[in-house]
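The structure is given below, and queries will be raised subsequently.
Here, each number is a calculation from the coordinates, and none is a lab measurement. Computed from a prediction, not measured in an experiment: that's the story for all the values here. All Cβ positions, glycine included, derive from the backbone under ideal geometry; neighbour counts span all protein chains shown.
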Amino acid sequence: MARRGNSIVKGIEIDEVISLLNRAYADEWLAYYQYYIEEKVVKGIMKDAAIAELRQHAADELRHADMVARRILQLGGTPLLNPKEWFVHTNCGYDEPKDFDVVAILEDAIRGEQCAISTYSELAELTRGRDIVTYDIVSEILGDEVEHEEDLQALHDDITEFVESIKSGMKRQ
């Protein structure tokens with residue numbers, strides 16, 4: 001634990017920050033796995049574009065888990081040690097893919113990113129002006145999550161518009 005480093009945390013209990021970070025840590029691991037498995041099972045039109053996006057997002061979520069774990073350790077805490085704890089402490093949960101269609105997979109992923117945006121927005125608000133190091137970390141992650149949602153939504157919209165244009169072209173024939 002960085003005693004001098006922790007002395008910069010003002011107006012918020014370090015244990016509360018650690019607890020909230022552990023919840024985010026659980027989210028990141030579950031998001032990593034969700035992207036990982038979705039990338040393996042996705043089917044349908046433009047699936048290669050979806051696979052590339054899901055693979056990149058999985059790597060980003062794993063990087064986020066590392067960033068959060070490092071901050072938990074700096075604050076003198078311990079990251080959740082057992083994957084079973086991820087399901088107990090998660091903010092966003094885990095949506096097991098049931099429909100492997102690319103559009104359904106993207107919709108699940110978008111919901112996950114929207115939850116992550118809410119989680120990191122709350123963490124940023126809580127730590128702003130109170131814990132600059134945690135604030136900087138969660139702000140960086142929040143930026144990534146916003147970008148992820150945007151990328152996934154754009155791909156979802158491109159696919160659904162393409163499918164609709166094919167359907168409407170078939171109706172004219």
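Among the aspartates and glutamates, select those whose C-alpha is under 20 Å from the C-alpha of LYS10, and discard any that sit fewer than 8 residues away in the same chain.
Those aspartates and glutamates meeting the cut-off are GLU122, GLU125, ASP131, ASP136.
For the stretch 36-44, in order, what is each residue's ³J(HN,Hα) by Karplus, 6.51 cos²θ - 1.76 cosθ + 1.60 with θ = phi - 60°, in whole Hz (x at glycine and Pro)?
So the J values, rounded to whole Hz, are 4, 6, 4, 5, 7, 9, 4, 9, x.
Rounded to the nearest whole Å³, what is the per residue volume of the convex hull around the Cα atoms of the stretch 77-173?
Considering the Cα atoms of the stretch 77-173, their hull volume per residue is 108 Å³.
Right, something else. Which whole-Hz ³J(HN,Hα) couplings does the stretch 111-116 yield from phi under the Karplus relation 6.51 cos²θ - 1.76 cosθ + 1.60, θ = phi - 60°, glycine and proline marked x?
So the Karplus estimates, Gly and Pro as x, are 4, x, 5, 5, 5, 4 Hz.
Further question on the same structure: Just need the relative contact order of the chain here, percent rounded to a whole number, with Cα pairs under 8 Å and 6+ apart.
Here the relative contact order equals 29 percent.
Continuing with the same structure: Of the listed peptides 160-166, 134-140, what is their order by residue-averaged count of other C-beta atoms within 10 Å, with the highest listed first?
134-140, 160-166
If you don't mind, another one. Which whole-Hz ³J(HN,Hα) couplings does the stretch 51-63 yield from phi under the Karplus relation 6.51 cos²θ - 1.76 cosθ + 1.60, θ = phi - 60°, glycine and proline marked x?
Taking θ as phi minus 60°, the curve returns 4, 4, 5, 4, 5, 5, 5, 4, 4, 5, 5, 5, 5 Hz for the stretch 51-63.
Which of the residue pairs LYS47/LYS171; LYS47/LYS98; LYS43/LYS84; LYS47/LYS84 have a Cα-Cα distance greater than 21 Å in the structure shown?
LYS47/LYS171; LYS43/LYS84; LYS47/LYS84
For ASP101, enumerate residues with amide H under 5 Å from its amide H, sequence gap 5+ or separate chain, H modeled in the peptide plane.
Under 5 Å from the amide H of ASP101: LYS43.
Starting from a Cα-only point model with no solvent, please compute log10 I(q)/I(0) by Debye for the chain at q = 0.11 1/Å.
-0.50
Sticking with this one: Which order, highest average first, do 36-47, 102-113, 51-62 follow once you tally other Cβ atoms within 10 Å for each residue and take the mean per peptide?
Packing order, densest peptide first, comes out as 102-113, 51-62, 36-47.
Let me ask something additional. If you wrap a convex hull around the alpha carbons of the stretch 17-85, what volume per residue comes out, as a whole number of Å³?
Taking only Cα atoms, the stretch 17-85 has a hull volume of 71 Å³ per residue.
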